[in-house]
Amino acid sequence: MSTTTKERAGGGSVTLAAKLGDTLRQAILAGQFAPGSKLPSEAQLGETHGVSRTVVREAIAALRADKLVEARQGAGVFVLDPPGPLTPSPMSIENIDHARVSSVIEFLELRTAVEVEAAGLAAVRRSPAQEEIILDCHYAVQAGLEAGKPTSDADFALHLAIAEATNNARFRDFLSMIGKSVIPRAALRNEESEADQAAYIKLITDEHSAIVIAISAGDEEAAREAMRRHLRGSQARYRALLREQRQFVR
């Protein structure tokens, strides 16, 4: 069984990606990789750290979300100047009040407006390599959900891979600016039964599968519709949570 297969079966790629991301982040902040320098290739990083390319891609996606590196098509991944203590912009994740469900809904609406078009463009513009990354990320999310592991990193990597496949860097920049913290995960609550949790896992997996299959098939409209259904479904789940909260407050 290959490393990637083991990771999918065990749901461990998310944890491995987080560990590798932390290792690379510390190396960058410590100056081991100077700003402007190129990171080792996916194959080199995988061999050095004993992980698959899927894990490396997820770790790099997290670094990109933190604005520590940037990918240059055909050239590789390069280290950026460490971000300074800047004043948060109105779009900054620091301005999201996670205690307010309505705040998450607002960002989901914004994501829907952008990511629906991103899915359509990815369907007609993706390269074979980008399609492979999207599939690997999809399997990583699925494995994490089935194993009951945290999947925010893998979920964000999937959406970032789709944005990357538009071959328009502005879509990637938009998602990187918002960051992985707005990936919804409140729909699964501890008090839900195993049957409810299993139904939720199947729902998310099916929604992601529809997006990935449409992109892989080059079906632009189906990809847009699948992404719209997925993000509007997330909005609906959060609105249900909001109604529950307001009911208890009364």
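Observations on the model:
- Computed extension gain for Ala113 through Glu221, at 0.36 nm per residue and net of the alpha carbon distance, reaches 37.4 nm.
- Order by protection proxy (mean Cβ within 10 Å, highest first), peptides 127-133, 32-38: 127-133, 32-38
- Length gained on full extension, Asp206 to Arg125: 26.8 nm, using 0.36 nm per residue less the C-alpha separation.
- Each label was represented as a point 7 Å from its Cα along the Cα-to-Cβ direction; for Ser103 and Ala43 these points are 4.6 nm apart.
- Available extension along the chain between Ala27 and Arg239 is 72.2 nm, counting 0.36 nm per residue and deducting the alpha carbon span.
Each reported figure results from applying straightforward, stated rules to the coordinates on display, with no laboratory input. This structure is a prediction, so every number in the text was calculated from the model and none was measured. Reconstructed Cβ throughout: ideal geometry from the backbone, glycine too, with neighbour counts over all protein chains shown.
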